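**Student:** Structure incoming, see below.
What follows is calculated from the coordinates using simple rules that are stated; it is not laboratory data. Being a predicted model, the structure only gives us computed values, none of them experimental. We place every Cβ from the backbone using ideal geometry, glycine too, and count neighbours over all the protein chains shown.
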Amino acid sequence: MEFMSNLSGDSAGADRPSLFELIAQDQMRDLLRPALRYLLTVYAERYPRYLLRAHQYFDEAYLLLSWLVERHYLAQWGASFSENFYGLKRARTSERGDKWTSTDVSRSLLFLVGLPYLKLKLDEAFDKTRGGAAAELFGEDEDETPLRRRAVRVFRVVYPWINAGYHGATLAYHIAYLYDRTRFYSPWLHLQGIEVRRMSMQDYEASERYRNAVAAGSSKGVMLRRLLAFGLARGLDWLKVLLPMGMFFFKFLEWWYASDYHKRTQVRPIPPPPEPVQPDEHGLPLPADPNICPICLKHRTNPAALPTGYAYCYPCIFHHVEEHGRCPVTLARVELEQIRKLYTSGI
């Protein structure tokens with residue numbers, strides 16, 4: 001990581017993270033959503049009575065969970081969950097003062113939680129309006145009003161440009177940050193007047209003093225409430241360890257069950273062949289030479305076999321089954337489709 005950090009240069013100070021660290025924490029935040037969805041899908045299949053509704057409204061449930069987690073980390077550490085995992089913090093620009101306020105927490109929540117949710121819903125709406133081949137086949141819904149159809153057509157034309165501008169602006173800020181042209185690695189941080197820095201030892205000590213002060217109290221009621229708040233805060237802090245480990249564990253399980261290694265462990269020994277069907281006393285007797293056809297009593301040519309396990313000349317057994325519908329040796333019922341030709345190579 002030191003090598004990566006040095007790529008951005010030291011001109012802005014040691015507290016300036018490299019672009020690679022910032023992109024890594026962005027990717028970590030993006031990976032949490034599909035990992036949690038995968039986890040919920042697995043358990044919703046086992047316990048549909050309890051988890052099916054949560055799976056149906058996963059986007060809203062994840063929005064609420066993200067809001068709770070991010071709000072805790074922003075208020076406690078002055079950083080998002082993924083930023084705190086990489087030892088980063090958010091700081092106001094010098095023009096606006098250094099004190100982290102509740103307004104900064106609310107603005108950060110808006111862009112950390114609200115904006116991705118809005119982007120997700122717009123992407124889903126665009127996919128639905130685009131429709132693909134099915135929409136071209138069946139045409140537009142006749143129940144839609146002319147105003148709605150016009151709005152859908154405008155949205156279908158305009159949104160790709162908005163999406164391109166969204167990603168283009170982010171890429172432009174990444175490049176500018178890489179070459180030390182701006183302190184903000186994303187346009188959303190620029191709008192808030194917030195930059196991302198590395199956490200110092202003083203930041204960790206200040207946070208620890210704050211949590212110890214919260215845990216202290218005079219009366220039993222106040223102490224109980226503060227202990228509950230302290231325990232909840234500790235539990236949320238453990239998420240930065242448990243969630244990445246859980247995400248890695250379930251991705252590993254997904255790979256394991258799809259790999260050849262898992263299939264090899266499930267391979268069982270080949271079962272022994274079934275006992276041969278014994279000849280019926282009223283059927284044709286078996287010749288002493290196994291190369292002789294039981295029907296024509298000649299050397300077997302163009303061999304074919306029945307499911308009963310006995311081989312004959314193909315013309316002989318075909319006509320016999322066609323006429324009698326039974327195996328000539330065991331008298332078991334067979335069909336013409338059950339005759340299997342045998343191919344042998346001469347030595």
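**Student:** Return the sequence-ordered ³J(HN,Hα) values of segment 158-164 in whole Hz as given by the Karplus equation 6.51 cos²θ - 1.76 cosθ + 1.60 applied to θ = phi - 60°, using x for Gly and Pro.
**Tutor:** 3J(HN,Hα) across segment 158-164, in whole Hz: 7, 4, x, 6, 5, 5, 5.
**Student:** Hey, another quick one. Can you list residues whose amide H is under 5 Å from ARG326's amide H, if they're 5+ apart or on another chain and H is modeled 1.01 Å from N?
**Tutor:** VAL334
**Student:** Can you give the convex hull volume per residue for the Cα atoms of segment 280-347, as a whole number of Å³?
**Tutor:** 82
**Student:** Taking amide H positions as placed in the peptide plane 1.01 Å from N, state which residues far from ASP280 in sequence (5 or more) or on other chains have amide H under 5 Å from it.
**Tutor:** THR330, LEU331
**Student:** In whole Hz and in residue order, list the ³J(HN,Hα) couplings for segment 39-53 that follow from phi through the Karplus curve 6.51 cos²θ - 1.76 cosθ + 1.60, θ = phi - 60°; x for Gly and Pro.
**Tutor:** Running phi through 6.51 cos²θ - 1.76 cosθ + 1.60 with θ = phi - 60° gives 4, 5, 5, 4, 7, 5, 5, 8, 10, x, 4, 9, 10, 5, 5 Hz.
**Student:** For each of ASP123, ASP26, count neighbouring Cβ atoms within 10 Å of the residue's Cβ, then give the residues from fewest to most.
**Tutor:** ASP123, ASP26
**Student:** Output wanted: per-residue J couplings in Hz (rounded whole) for segment 274-280, from phi through Karplus 6.51 cos²θ - 1.76 cosθ + 1.60, θ = phi - 60°, x for Gly and Pro.
**Tutor:** For segment 274-280, the Karplus-derived couplings read x, 5, x, 6, 6, x, 7 Hz, x marking Gly and Pro.
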